[in-house]
Amino acid sequence: MPILMDKILSEYADQVLEVARLRRNGAHSAQDLVLTETPAKLEASGDAMRFVDARGRIAWKATPSLCQHLKDLELDAQEDLEDI
């Protein structure tokens, strides 16, 4: 069964999966294990929350604080590019 995540968490999970793939030295982390642990860790840190979607399925989405933090990082990066 797929893990339902919004766009922000999906991108984050893809990055975590890529890092896990790159760090592999003979030890293989199953993709499903990485993808199931990611939302749980984000929820524990307060960056993700579970909800029930319109079809009655449990899904995950980024919290407003994580969205704002990412937006602030993007604005900082844009300002840095303008300074160059």
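Every number here is computed from the coordinates shown, using simple stated rules; none is lab data. Quick caveat: nothing in here was measured; it's all calculated off a predicted structure. Note: ideal-geometry Cβ built from the backbone for every residue, glycine included; neighbour counts use all protein chains shown.
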Helical contribution to [θ] at 222 nm, DSSP H n ≥ 4, -39,500 (n - 2.57), averaged over the chain, rounded to 500: -20500 deg cm²/dmol
Take Leu17, Leu9 and order them by how many other Cβ atoms sit within 10 Å, fewest up front. Leu17, Leu9
List every residue whose amide H lies under 5 Å from the amide H of Leu4, counting only residues 5 or more places away in sequence or on a different chain, with H placed 1.01 Å from N in the peptide plane. Trp60
Dipole check, the range 4-83, charges on Cβ (K,R +1; D,E -1), about Cα centroid: among Tyr12, Trp60, Leu22 the Cα furthest to the positive pole belongs to Trp60
Proxy reagent accessibility, fewest Cβ within 10 Å first, across Asp83, Asp76, Asp6: Asp83, Asp76, Asp6
